[in-house]
Amino acid sequence: MAGNIRLEVVTPDKYVVDEEVQIAVAPGSLGEFGVLIGHTPFLTTLKTGIMHFTDAKGTQRFVFVSGGFAEVLPNKVTILAESAERREDIDVERAKAAMQRAQERLAKASHADDIDFNRASAALQRALYRIKLCETERQ
């Protein structure tokens, strides 16, 4: 099916993406999923990761997303994320500092049931995805 679909990536603070795209691919909790125009509607939770999409001109774009939900309709995908950043908006040095802090907290954590351990693990995961996204070859 030819045509574009509307993609909105929204956080509690801002719209990160609001444009027509050819395809959107996001990190669902049960696995990565892709959406084209005319897709069957569904709602799913998201995990932390990198989503990508091909804009209306054919350029592939990348966005870091952390948690939230995705609503898919035949002509629109809405990503409601806890946090989201386009690749060009990520501060790599800040992400590396966050990774270092998380690694230090994990080294001090007493056991896997510790709340600090879980928070540090999540922070480390977010930092690693941000760094990975920034270090991938820019297109």
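The values are calculated or read from the model by the stated rules, or taken from the named source; none is laboratory data. Predicted model, so just to flag it, every value in this text is computed and none were measured. Note that each Cβ is placed from the backbone with ideal geometry, even for glycine, and that neighbours are counted across all protein chains shown.
Within the range 1-17, the set of residues being exposed (fewer than 12 other Cβ atoms within 10 Å of the Cβ) and more than 26 Å from residue 128 (Cβ to Cβ) comprises 1, 2, 3. Elements of the type strands (runs of 3 or more DSSP E) sitting completely within the range 21-104 and holding at least 1 residues that are at pLDDT below 95 and surrounded by 16 or more Cβ atoms within 10 Å (Cβ to Cβ): these cover 49-55, 60-73, 76-86. Got at least one residue in the range 110-122 being assigned by TED's automatic domain parsing to the domain that holds residue 23 and in a loop (DSSP other than H, G, I, E, B)? No, that holds for no residue.
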